[in-house]
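Working notes, beginning with the structure itself.
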Amino acid sequence: MTNHNPRAGWEKIGDQFYQKIQLYESIFDPDLELENYLVAGAPYGGALALWRDPAKIARYRTGQSAKPTIDIYSSSGKLISNINWEKGPIKGLGWSDDEKLLVVTEDGTVHCYFGLHGDFQPFSLGHGAEEFGVKSCRFWSHGLVALLSNNALIAVSSFDEPRPRLLAQPPDGEVHSWSLIPPAYTLSRSVEVLLAIDKTIFVVDATEAEDRGLSDGPFKHVSVSPNGRFAALFTEDGKVWVVGSDFQNKYSEYDSKAKTTPTQTHWCGNDSVLLAWEDEIHMVGPNGAAVKYYYDDQVHVVPDIDGVRLITNEACEFLHKVPDPLEDVFKLGSSSAASVLLDSIELLEKKSPKADENIQRIKPNLPEAVETCIQAAGYEFNQSLQKQLLRAASFGKSVLDLYSSDEFVDMCEDLRVLNAVRDYRIGLYISYEQYLRLTPERLIARLVDRREYLLAIKLSEFLHLPLNKIYVHWASQKVKASSADDDSIRDIVVERLRGKPGISFETIARAAYNEGRSHLATSLLNHEPRAGKQVPLLLNMEEDEIALDKAIESGDPDLIFFVLLELKKKLPLAAFLRTISSKPVAAALVESSARIEDRELLKDLYYQDDRPVQGSNLLVEEAMQQPQVQAVIDKLKLAVRLLTDTKDPTAVLHGRALTEATQLLKMQEAFDKDITDSSGSYLGLGINETMFRLIKSGYSKRAAKVQSEFKVPEKTWWWVRLRALTAGRLWGEVEEIGKNKKSPIGWEPFYNEVLGAGNTRLASSFIAKCGGLQPAERIEMWVKCGMVVKAGEEALRAKDTNALESLRDKANGQQLVEIERMLSHLRPKR
Amino acid sequence: MAPNIDKEAEHIRDKARKELLGLLEGVRGKKNLVIGKDLTGGLGLFVQFSQLKEYGVDKVFELENGNTDSSQRNIVYLVHGEKPSLVQTVAEQIKKLQKNGSVEHEISVIWVPRRTLVSNKILEDAGVLGDVNILELPIFFLPLEDDMLSLEMDETFNDLYLRHDPGPLYLAAKALMQIQQRHGLFPRILGKGDNARKLANLLLRARKELDADEAATQYTSMPSTSIEQLIIIDRDVDFATPLLTQLTYEGLIDELVGIKHNRAEVDSSIIGAAPQQRSQAGSSSTPPPPAVRQGFKRKIQLDSSDPLYEQLRSANFALIGPHLNKIARRLESDYEGRHHARGINELREFVNKLPTFQQEHQSLAIHTNLADDLIKHTRSDTFNRELEVQQNIAAGTDPIYQHETIEELIARDAPLSTILRLLCLESAVAGGLRPKDLDSFRRQILHAYGFHHLLTLDALETMELLQPRSSASALLLPVGGGGSQSEKGTKTNYAYLRKGLRLIIDEYNEQDPEDVAYVYSGYAPLSIRIVQCVLQKQYLQSLHKSPLPLTSSSTGWTGFEDILKSVKGPTFTLAQKPTDEKAAKVKAALAGTGVSKTVFVMFLGGITFAEVAALRFIGRKMTESGQRRKIVICTTGVISGRSIMDGVIEKSNLASGITA
């Protein structure tokens, strides 16, 4: 058993215990002058970025490269990479949750380094950053705010799609210090900035800069607690105030009695504040109680969600509040059930019967005790203590009748993971709390970024997490780093990844392409089934035709269209049209979009494809938009000209129709001049409608001229005349027509139309002319005209007694007499 | 446990609403909403305007009107991102807002159903990409009813057959993939027609892509245990059916009034103005279009939320009168019930039912008036002429005999759409018109309706709706199995199928029809017969005179392969095998065999309400005969002969530019 003191490094501040433990020792080269460096650490025990502050004088050493670099280390001091930096002074150095390193230069350019090895994407802050210059920056889990020299604030709330936004303009004046509240903790759900100007604090968000009306400034430091609820203010006279971040309540005050302002002020967890001078640290707990630590050297403070990392040349330490379960178990003189349970383990090992006695004593609280031990194991950093705690928990639960072991099992798994990554060779010293917040997936991602593939795979398998991203990262590195020839690399990669689900060959191909190995990239892309991924890369690689083919294969119109847009920009028109001509889907898309946006292109397309009819149709469409008759006619003539050279029957038909159309338009124009009644313009009407309108308005002669000009068939002509005359109630002319012996459409339409218009008298005159009808139908026709007697005569002729009898019901007065007479006519014969 | 397949429509509705409201909530504060015209109607299917208000929407504008004002700082665009021209419009409006607004706007764009590369590019080119917050709302299928999902895209018919745009196929594939991702793979995909085949290929491809997608974690490539199969029908295997006038009540309303997104706009002179208290359920349940000037139209909701309509919708129109009568009488007797109420309890019961009565009463009034108006149309001379010609052509009489009637209709200035429907129907059924006749009709149409219809006629020809017959019937598909592979047929052979699948049922019991043919008063839609080849083999066998190669356990197309060779396009069956055979077997065993299975029927290019009624009829018949199967109808959109023609007919004439 170990003699490790579980309370090593515990300090009591007020009524709370704090623990400072050493995570790693001798982490940096003793020659490295840490005091001359700017140090930024990624949250959740992540990587450290060191940048030599050029403002400080450095000792010249031979053999050291003079090139300025940003060096990335693990917490254990293992150098992960050097990033060459020749872009001038750094005004902001920070990390995001997903370990992206952000480097902000004075001109407002943000370099976003991802993957820890120097790959980066730059973006510019804009909004006058270049003009005024960036003074400093603050970061939160996935965003940053930059302060310009004119006090303007620019916020970026996402690094995936950075969209810098200007916040409200704060007043002028020197900014003594500043800090921010991350969007997750503000009421407005957007970032808020606390600026110490003059003697007060301004709270700035997107819409306004509000003075909090404090008068005890100037505040040399402003710092916001990790949960955004508190702020620590350091006053000029060496006092620390802890207030609510809404500045409504003041919670505690501490007098540091220091003459100099601390270099840094940070929160350690959510209930204590850390003041750091170069080699001295004050930790202020609730109610102003404090403890002091002294160092030989410069100490750098890296805040985290549940504590701070203290970095010196010799060691990396973690300072945090002792979590409740640990305190519960290990506090001196603790008599909690969990503590008793832990004791009984020792007794058990000594085979002392008191072990059971103890257990029986705490039996009512045993489930809680087990749980506390499990939790405490999680928070404990020392492995032998972890084991002991777990053993206690195991012993405790063996006594319980019904107990779900899930929690115990999960904790064992979590601890295996944690202990594996805390190894100094990996250097990811992450607390249990941080691990829960970071999530296993993101921890794996961090391992992958550190190229710890084997461990990442083992842990993923252990945790049942997908492996695909690890493989893809590995393959991408392989492609980048290997000097073997293209085909053999491809074979290695493909062989290794065969049959594995979720492999993005596109990512690997992109890595190859970025290394300048296009051939390898193309051959890798063939293994990528997702066209959406293939196509953009192929376009980048100038493999246009393949890109178009792949897009068409995918059936995704967006992809196809996207490629087409690119091609259209790149290629000369003729070449573009040639490319699409053999691909009907592409051609169809070009055609339908060009119809709206680029008609000239369409004309070229039809010309090149020899499709005169379509070409002429385009001109017809244009004709329909022309404001003057002559312009319409000109367009139509152009269309006709397009069609003249071909013998294709459709083209001939179109040509003829268009010629007729111009003829008609000319006639209609003339009618418009001559006829000025209220019926409106003739232009654009069809031939039938034109004739109809002319007849209706009483210009039958002109209508006849139209008929002969366009050889309108007799039947149509008669129908149009009939409809127009009845519509115009020109009964005289109808009668006139009725004098004809024959009608090509028969006479029933005359009867029907005229009757429909309400002229029963005239309608009845056509009944006699209708041949080939049954008597019953004629009777009906007469009745509809209200001529019962005539109907009766018809019935009489047909000797239809029944019909007559039914007529009798409809008849009245004189009609009745007539019908009766006819009925009697028929009766005697019966 | 697998999600319930019967609740899919509800799930889609809820999901769409939640996602939209979630996006709106993400834009903090009050905002103005700008909606693309093609989305306004569909939105009403899953969200109510009042709910949008709750989520901070102040005013709603229509994108196409371009009248968005600066009354709110936040502006949210909700637009279909698949059409570059719409994206362009959005980009231009944003630029305009930024330029002349006195307010600095916060602009968000919600692309439906996804953010596209092209939209990025267009916004980038317009210089606004960096200034707008881009979101996406992945809605594909919208539920019209619990058994009916539609992409609700207006332009699909033209996209597919006129412009040959692959867009609708891709979206349909995406929509079906969502169902597969939730419920497992379709164990079998059957299909008929070129586009059906393309869609099936897209589905297979999408599955492969999904396998490779690192983000898709929930997805398992297991065949579903609750879905039996997917049947895909390409509209162009049967153009004739939608060209015929639908004769169900719902179909006829669509033909004569038009139904969009379950709503019809009816002249208020016909059905009366909207009563006040109904405003919640009726006209304003949807975002009212910004232009509220159309005081003469009233929107009525036509879906199963109205139990009366639910009874009427699928019935043949001839029976609507008696139906309404019966309902009126029942209602009256229900009302009379109050006189017989004995004691307080019964009276209270009656009073509780009153609102239902009132609602029913109102609905009865609407439908009586509407039916009355429809009867006016159906009694008209032209309507009957038209119907006669249609039925003669469908029944296979020589179309030449119909030409005189069609010519007369032209001379009498019948609506162009009527004429074109008849000619296209003839073309579809007879494999084209004789070139001489076609030329003559073209000329008559140009003369009667204006020369600008050159464009209309050309479009119809491109769509293969109106074509010349090249020689006798060379283009027709061979008859049955006799035809060798080398014979190239490209058109559906109705003449053969009329017998092979008994498309014409002359006599049937109107009151209690036995066959789907009732929806077109005697013509059984070919599209539906094709579905029956899979689902009702025994029934078709009973219609067919000679025995087909069928056994009682035949599945898929078995037994009908030869007959279906006479239908345009490939006939195919694909089985989707699980990646892990053993696990699938276990899963199938666990699911048991007693549960009913769902059949998805996808109509690419659109479905008519009459066909919907026919599919529901089949569903009922199957249940009656003890088959444990349910049909879910999927489509790209609801169409009718009227909407097809509306989409093709050229709207402006040669003088439009002058008169404008």
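Rule-based calculations on the coordinates, nothing more; no lab input. These numbers were taken from a predicted model, which means no experiment stands behind them. All Cβ positions, glycine included, derive from the backbone under ideal geometry; neighbour counts span all protein chains shown.
For chain A, the longest principal axis of the C-alpha atoms and the axis of helix A:629-644 are separated by about 90°. Considering only alpha-carbon pairs that sit under 8 angstrom and 6 or more positions apart, the relative contact order computed for chain A is 6 percent. DSSP bridge analysis restricted to the protein assembly as shown gives an antiparallel fraction near 70%, rounded to the nearest 5. Past 32 Å, Cα to Cα, is the threshold; run A:LYS91/A:LYS478; A:LYS100/A:LYS480; A:LYS20/A:LYS250 against it and keep the listed order. Distance filter (> 32 Å) returns A:LYS91/A:LYS478. Among the listed pairs A:LYS199/A:LYS239; B:LYS18/B:LYS260; B:LYS174/B:LYS198; B:LYS7/B:LYS597, those whose Cα-Cα separation exceeds 18 Å are B:LYS18/B:LYS260. All Cα-Cα distances of segment A:85-155, cut into 10 Å bins from zero to the largest, leave 23, 56, 20, 1 percent in each bin in turn.
With the cut-off at under 12 Å, measuring from each backbone N in segment B:402-427 to a point 7 Å along the Cα-to-Cβ line of A:ILE737 picks out B:412. For every other residue with a beta carbon closer than 9 angstrom to the beta carbon of B:LYS299, add +1 if it is Lys or Arg and -1 if Asp or Glu, then tell me the sum. Surrounding charge for B:LYS299 is +2.
What's the local net charge at A:ASN382, with K and R +1, D and E -1, over the other residues with C-beta under 12 Å away? So the environment of A:ASN382 carries a net charge of +2. Spatially, segment A:741-782 and segment B:356-414 are offset by 24 Å when compared through their Cα centroids. Working note: Debye formula, equal point scatterers on the alpha-carbon atoms of the protein assembly as shown, no solvent; log10 I(q)/I(0) at q = 0.09 Å⁻¹ is -1.39. Looking at segment A:737-824, the trypsin sites (Lys or Arg not before Pro) that sit in a DSSP loop and have at most 15 other Cβ atoms within 10 Å of their own Cβ are A:LYS739, A:LYS741, A:LYS742, A:LYS799. What whole number of Å gives the distance from the Cα centroid of segment A:654-694 to the Cα centroid of segment B:93-166? Centre-to-centre distance over Cα atoms comes out at 43 Å. Here the Karplus curve 6.51 cos²θ - 1.76 cosθ + 1.60, taken at θ = phi - 60°, turns the phi angles of segment B:450-461 into couplings of x, 6, 4, 6, 3, 5, 4, 5, 4, 4, 4, 5 Hz, with x standing for Gly and Pro.
Taking all Cα pairs closer than 8 Å and separated by 6 or more residues, the relative contact order of segment A:653-797 comes to 13 percent. Here the relative contact order of segment B:395-474, from alpha carbon pairs under 8 Å that lie six or more residues apart, stands at 35 percent.
For segment B:139-203, chymotrypsin sites (Phe, Trp or Tyr not before Pro) meeting the loop criterion (DSSP other than H, G, I, E, B) and having at most 12 other Cβ atoms within 10 Å: none. Rounded to the nearest 500, the helix-only mean residue ellipticity at 222 nm of chain B stands at -14500 deg cm²/dmol, with each DSSP H run of n ≥ 4 adding -39,500 (n - 2.57). In terms of its alpha-carbon gyration tensor, segment A:532-596 comes out oblate; a/c meets the 1.5 threshold, while b/c is at least as large as a/b. The angle between the Cα long axis of helix A:612-623 and the main principal axis of chain A comes to about 90°, on a 0 to 90 degree scale. What does a probe at A:ASP423 reach in segment A:358-395, counting residues whose amide N is under 16 Å from the point 7 Å along Cα→Cβ? Inside the label zone: A:383. Rounded is the label for chain B. Its Cα gyration tensor axes, ordered a ≥ b ≥ c, give a/c under 1.5. Here segment A:325-339 and segment A:356-423 have alpha carbon centers that stand 14 Å from each other.
Roughly what percent of Cα-Cα pairs across chain A reach past 49 Å? For chain A, the fraction of Cα-Cα distances above 49 Å is 52 percent. Each residue in A:MET781, A:MET787 was given a count of other beta-carbon atoms within 10 angstrom of its own, and listing them fewest first yields A:MET787, A:MET781.
Taking label points 7 Å from Cα along the Cα-to-Cβ direction, B:VAL351 and B:THR558 give a separation of 6.4 nm.
Between the helical axis of A:486-497 and the longest alpha-carbon principal axis of chain A there is an angle of about 80 degrees. Evaluated with a Cβ-only charge set (Lys, Arg +1; Asp, Glu -1), chain A carries a dipole of roughly 4840 debye about its Cα centre, given to the nearest 20. Straight-line reach from B:LYS491: taking Cα to Cα under 17 Å and skipping same-chain neighbours fewer than 8 places apart, the aspartates and glutamates in range are B:ASP194, B:ASP234, B:ASP236, B:ASP238, B:GLU426, B:GLU461, B:GLU464, B:GLU561, B:ASP562. For GluC sites (Glu not before Pro), the sites in segment A:78-123 that DSSP calls loop and that have at most 11 other Cβ atoms within 10 Å are A:GLU86. Taking label positions 7 Å along the Cα-Cβ direction at both B:GLU64 and A:ASP485, the computed distance is 6.2 nm, reported to one decimal. Restricting attention to segment A:491-633, lysine pairs at least eight places apart or on different chains and with alpha-carbon atoms under 24 angstrom apart total 18.
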